[in-house]
Amino acid sequence: MLDSAPPSCSGIILIVEDNVAFGELVAGTLQDEGYRCHTVTSGNAALAWLSSHPVSMLLLDYTLSDMTGTAFINAMQSRDITVPFVIVTGQDDSALAVQMIKQGASDFVVKDTTLLDRLPVVISRTLQEADTLQRLQQLERALHQSEQRLARAQRIARVGSWEWDLHTNRLSFSPELLSILSYTPATPPPVSLEWFYKQINPHDTSFVKKSLLSAVETGRNLSVTFRIRTNDGTEIVVASQAELVKDANGHPELLVGTLLDVTERTRAEQEIHQLANYDILTGLPNRNLLHDRLQQAIVQAARSQGSVGILFLDLDRFKGINDSLGHRAGDELLRTVAERLRVCVRESDTLARIGGDEFVIILSMVADEDGISSAATKVLGIISEPFVIEGQELYLTASIGIAVYPNDGIDVQTLLKHADLAMYQAKDMDRNNFQFFSSDLNVKVMERMVLESSLRKALDRNEFQLYYQPQIDVQTGAVVGFEALLRWLHPELGMISPDKFIPLAEETGLILSIGEWVIRSACKQIKAWQERGLPPARMAVNLSGRQFRSRLDDVVAAILLETGLDARWLELELTESILMRNAAENLQLLQALAAMGCSLSIDDFGTGYSSLSYLKHFPLGRLKIDRSFVRDITTNPDDMAIAKIIIDMAHNLKLQVTAEGVEDHDQFTLLKSYGCDEMQGFLFSKPVPADKAAQLLRDGISF
């Protein structure tokens, strides 16, 4: 990507994916980034769409139900369809990747755990490269037209000509040549060899002199390009060709030549080179030139048995800054980052921007890992210093992944892939740090891929279960509600902790389908208990950030209609951070849910913004005190004070309060004395399956 905004396009991104759920997930991810998408599930459907709609690029699953990616590409080519495409596949097959690139693919990405994070960058880069290619083709067409005009001009002899008499040392210019140099016949210059040499750019003078003398001495034709100053003081680039004329005795007599202004052609060639190899926004080498430089560094290191360090740098939370301040400020920030990073590299090193907020540094001929660590620390330090962008002071951090040749790979693709993986590991470790690639990291990545693959199938295989933890009315001791808690019973790995699979579900977007299943299953369960005549109780369900942004009101309304549950028995829990992200839009969604009759509560209160003042703006009915305050409430005066303040202020705002994580009678007694309305925790019951929960609802709890 050559700027921080998604490239504009006349068409849309066509997603060809026979897994409907995965196709919708990919489309949703790209639409969140501002792209227009259309999804089809077969190769024939894609070909039909391409024949009648403008498409900017394809995201093509290699293994389709009706044809392979190779067959689809051949079908496109036979129809003269030229659209950039990226291959998406579950096969991490380097031979297949090479084959697809040879067949014209812009990129080859594997369906692993980082795919959805990487996909917007891949899409943006592909569109930008397509745009750059189009500009290159336009320039090349212009260059070709220029060359045709040059040939036409030469045919009709409208080029400047010159002649050097070797006997008299006299140099003469034709009127056309004088015109090229901005002179008129009425005011000709004092043409001589000495005068001519003085007009040439000093850096080219020696080269031109040697070329002229060599043509005379060897008899070979002259062909030379150089810079020369014109009468109006501007500098142009000219191309001159000449041949030696001999007298009747075979002695050199004249050097006769032509001269043409090739300034525009030279500029076009330079622009083509610049577009092909440099990032427009920052002026740094782009991915294309980075690959060349890294290959050169590898060859040099192999000869000298040295090492090469590859630092893959990604700016932390850059998207948030870009979205809040706008793309112009984002571009200025990227340019400033590039300037700072230039200070961190030696002349022998390479700094490149490969898209979005991603930069790569090649450290050539490094002695050991300590030197690489020192360079990475320096980079983190210079990035963490404050930036002033459009009058605002901004603070930024970075995550850096490091791969080292030859330990972590011996080719360009492997080294960049391993540095990229290490960068994601750095992000997972609270960001603003660097991590070296290791074989253990590869193992972790494989474990995540296996877990993700199983997670994608878990819903269809009915491997998820809901457990229920009761919520107790402090005054009566009755069970008044349950919190539905998700569990995953894997057929081979056993019970998998939510701490392991919920973040993965969030990252992959599977949380949308899983979350919908949780709401539906919880509603069905509470409705079933009601139909059995058990005492009424509400059911609380936790929401993720992704769920909250994805037509949640429509989903909930459909589930309530399907299950026949009265909305007042469903309570939706969300965290402070979710609530405050896009607060204005969230208010509309909360109002829609409240209008249905659903209860709304704030979960884990005190761990986020921790401000009760904003709660009055939202239609909330309850907040839950986080277990971290309850755990030490009987021994820590600060936790005592915080809990008391939260309960008092919540009641002033007409909110009910539930304390989480209550484990002993002392905590219960103290919280009851503070006026806490409800509690849940191991003192009453751990989370239990549906049959045990029904028993607790029927018989009550002794504590």
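Restricted to the stretch 267-279, and to residues that are touching a helix residue (DSSP H, G or I) at 6+ places or on another chain (Cβ under 8 Å) and at pLDDT 85 or above, which residue is nearest to Glu140 (Cα to Cα)?
Asn277
Considering Ala75, Ala95, Ala21, which residue is out of contact with any Ser or Thr (no Cβ under 8 Å at 6 or more places or on another chain), farther than 30 Å from Asn277 by Cα and not aromatic (Phe, Trp, Tyr)?
Being out of contact with any Ser or Thr (no Cβ under 8 Å at 6 or more places or on another chain), farther than 30 Å from Asn277 by Cα and not aromatic (Phe, Trp, Tyr) holds for just one of Ala75, Ala95, Ala21, which is Ala75.
Can you list residue pairs whose Cβ atoms sit under 9 Å apart, with the first residue in the stretch 566-579 being touching a residue at least 12 places away in the same chain (Cβ under 8 Å) and surrounded by fewer than 20 Cβ atoms within 10 Å (Cβ to Cβ) and the second being part of a helix (DSSP H, G or I) and of a type in the set (A, V, I, L, M, F, W, C)? Count only pairs 6 or more apart in sequence or on different chains.
Pairs found: Asp566/Leu560; Ala567/Val556; Ala567/Ala557; Ala567/Leu560; Ala567/Leu593; Ala567/Met596.
Tell me, yes or no, whether the stretch 549-556 has at least one residue that is of a type in the set (A, V, I, L, M) and touching a residue at least 60 places away in the same chain (Cβ under 8 Å). Walk me through it before giving the result.
Of the stretch 549-556, the ones of a type in the set (A, V, I, L, M) are 552, 555-556.
Checking the rest, the ones that are also touching a residue at least 60 places away in the same chain (Cβ under 8 Å) come to none.
Checked the stretch 549-556: no residue is of a type in the set (A, V, I, L, M) and touching a residue at least 60 places away in the same chain (Cβ under 8 Å).
Residue-wise test of (1) modelled with pLDDT under 85; (2) surrounded by 12 or more Cβ atoms within 10 Å (Cβ to Cβ).
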position	(1), (2)
Leu139	yes, yes
Ser146	yes, yes
Ala153	yes, yes
Ile156	yes, no
Gly160	no, yes
Glu163	no, yes
Ser172	no, yes
Leu177	no, yes
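Could you list, in sequence order, the residues of the stretch 385-394 that are loosely packed, with under 14 Cβ neighbours inside 10 Å and either touching a strand residue (DSSP E or B) at 6+ places or on another chain (Cβ under 8 Å) or assigned to a strand (DSSP E or B) (or both)?
Pro386, Val388, Gln392, Glu393
From the list Leu394, Leu415, Leu421, exactly one residue is in contact (Cβ under 8 Å) with a residue 24 or more places away in the chain and touching a Pro at 6+ places or on another chain (Cβ under 8 Å). Which is it? Steps first, please.
Values: Leu415 fails: touching a Pro at 6+ places or on another chain (Cβ under 8 Å); Leu421 fails: touching a Pro at 6+ places or on another chain (Cβ under 8 Å).
Just one listed residue meets the conditions, Leu394.
Counting just the residues of the stretch 58-99 that are in a loop (DSSP other than H, G, I, E, B) and charged (D, E, K, R), which one comes out surrounded by the fewest Cβ atoms within 10 Å (Cβ to Cβ)?
It comes out as Asp80.
Go over the candidates Ala403, Ala375 one by one and state the one that is touching an Asp or Glu at 6+ places or on another chain (Cβ under 9 Å), surrounded by 15 or more Cβ atoms within 10 Å (Cβ to Cβ) and part of a helix (DSSP H, G or I).
Matching residue, one of Ala403, Ala375: Ala375.
Give the residues of the stretch 527-545 that are touching a Leu at 6+ places or on another chain (Cβ under 6 Å) and in a helix (DSSP H, G or I), sorted by residue number.
The one that is touching a Leu at 6+ places or on another chain (Cβ under 6 Å) and in a helix (DSSP H, G or I): Lys527.
Mind listing just one residue for me: the one in the stretch 665-703 that is closer than 22 Å to Arg631 by Cα and without any contact (Cβ under 8 Å) to a residue 24 or more places away in the chain and, of those, farthest from the chain's Cα centre (by Cα)?
Ser702
In the stretch 366-386, what residues are in contact with a helix residue (DSSP H, G or I) (Cβ under 6 Å, 6 or more places away or on another chain) and at pLDDT 90 or above?
Lys378, Val379, Ile382
Just to be sure before I move on: is Arg340 over 18 Å from the mean Cα position of the chain (by Cα) and closer than 23 Å to Asn288 by Cα in the structure I sent?
Judged against the criteria, Arg340 is a match.
Only one of these is within 48 Å of the chain's Cα centre (by Cα) and β-branched (Val, Ile, Thr): Thr230, Thr234. Name it.
On the way: Thr230 fails: within 48 Å of the chain's Cα centre (by Cα).
Result: Thr234 is the single residue among Thr230, Thr234 that is within 48 Å of the chain's Cα centre (by Cα) and β-branched (Val, Ile, Thr).
Restricting the search to the stretch 183-200, which residues are surrounded by 14 or more Cβ atoms within 10 Å (Cβ to Cβ) and within 17 Å of Phe226 (Cα to Cα)?
If the condition is that a residue be surrounded by 14 or more Cβ atoms within 10 Å (Cβ to Cβ) and within 17 Å of Phe226 (Cα to Cα), then Phe196, Tyr197, Gln199, Ile200 are the ones that fit.
Tell me, yes or no, whether the stretch 615-624 has at least one residue that is loosely packed, with under 14 Cβ neighbours inside 10 Å and either not assigned by TED's automatic domain parsing to the domain that holds Pro536 or not β-branched (Val, Ile, Thr) (or both). First the steps, then the outcome.
Our first condition is that a residue be loosely packed, with under 14 Cβ neighbours inside 10 Å; within the stretch 615-624, this holds for 616-617.
Still in the running and either not assigned by TED's automatic domain parsing to the domain that holds Pro536 or not β-branched (Val, Ile, Thr) (or both): 616-617.
Yes, the conditions are met somewhere in the stretch 615-624.
Determine which member of the set Asp232, Asp204 is outside any helix (DSSP H, G or I), acidic (Asp, Glu) and touching a residue at least 12 places away in the same chain (Cβ under 8 Å).
Going through Asp232, Asp204 in turn, the sole match is Asp232.
Please go through (1) hydroxyl-bearing (Ser, Thr, Tyr); (2) closer than 21 Å to Leu466 by Cα; (3) surrounded by fewer than 19 Cβ atoms within 10 Å (Cβ to Cβ) for Thr669 and return the number of the only condition it doesn't satisfy.
Looking at each condition in turn, Thr669 falls short on (2).
Mind listing whichever residues of the stretch 207-227 are under 22 Å from Arg265 (Cβ atoms), part of a helix (DSSP H, G or I) and more than 49 Å from the chain's Cα centre (by Cα)?
Val208, Ser211
Give me the strands (runs of 3 or more DSSP E) completely within the stretch 572-683, filtered to those with at least 3 residues that are out of contact with any His (no Cβ under 7 Å at 6 or more places or on another chain) and of a type in the set (D, E, K, R), ordered by residue number.
none
Would you be able to tell me the number of residues in the stretch 100-138 that are outside any helix (DSSP H, G or I), under 30 Å from Ala268 (Cβ atoms) and either assigned by TED's automatic domain parsing to the domain that holds Arg353 or of a type in the set (D, E, K, R) (or both)?
Matching residues across the stretch 100-138 total 1.
The values are calculated or read from the model by the stated rules, or taken from the named source; none is laboratory data. The structure presented is a predicted model; accordingly, all values stated were derived computationally and were not measured. All Cβ positions, glycine included, derive from the backbone under ideal geometry; neighbour counts span all protein chains shown.
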